[in-house]
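*Asks:* Take a look at the following structure, please.
Where a number appears in this text, it was derived from the coordinates with a stated rule and is not lab data. Just so we're clear, the structure is a prediction, and the values are computed from it rather than from any experiment. Here the Cβ is made from the backbone with ideal geometry for all residues, glycine too, and neighbour counts use every protein chain on show.
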Amino acid sequence: MERREEEFIISLMGKDPELKKYYEEHQELEKKLSGYQNKSHLTPLEEVEKKRLQKLKLAGKDKIMELLGKYR
C-alpha cells in the first residue's frame, strides 16, 4: 500500500470502524507474512499457509480500497 493511501486510511479510521478493522487485519497479515519471507526455505505446510495469508491480505486490501472509494 502506498504511503499516501496509508495516511488517508489512518485519518479515516476514527470515522469508519469497518475500515479500521480491515486495516488492522491487513497490518497483522503483513507481519505474519514477513516471518515467512525471512526464511530461506519453507516446508510444504508453511508454503500453504503463506499462500492462504497472501489471499486473505489481498481480499482485505480489495475491501479497504472499496471502502476508500466512498471517501474520494
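*Asks:* I'm checking a number: the convex hull volume of the Cα atoms of the chain, normalised per residue, in Å³. What is it?
*Replies:* Taking the convex hull of the Cα positions in the chain, it is 78 Å³ per residue.
*Asks:* Which value, in debye to the nearest 20, gives the size of the charge dipole of the chain about its Cα centre, when Lys and Arg are +1 and Asp and Glu are -1 at the Cβ?
*Replies:* For this selection, approximately 80 debye.
*Asks:* Net charge within 13 Å of GLU18 by Cβ-Cβ distance, Lys/Arg positive one each and Asp/Glu negative one each, not counting GLU18 itself? Please report the intermediate quantities before stating the final value.
*Replies:* Values: positive: LYS15, LYS20, LYS21, LYS63, LYS70; negative: ASP16, GLU24, GLU25, GLU66.
Counting the neighbours of GLU18, the net charge comes to +1.
*Asks:* Please work out how much length the chain gains when fully extended from LYS39 to LYS20, using 0.36 nm per residue of separation minus the C-alpha to C-alpha distance, in nm with one decimal.
*Replies:* Values: separation 19, 0.36 × 19 = 6.84 nm, distance 2.99 nm.
Full extension from LYS39 to LYS20 adds 3.9 nm.
*Asks:* Expected output is a single nm value to one decimal: the length gained when fully extending between GLU66 and GLU6, i.e. 0.36 nm times separation in residues minus the C-alpha distance. What is it?
*Replies:* Computed gain between GLU66 and GLU6 is 20.2 nm.
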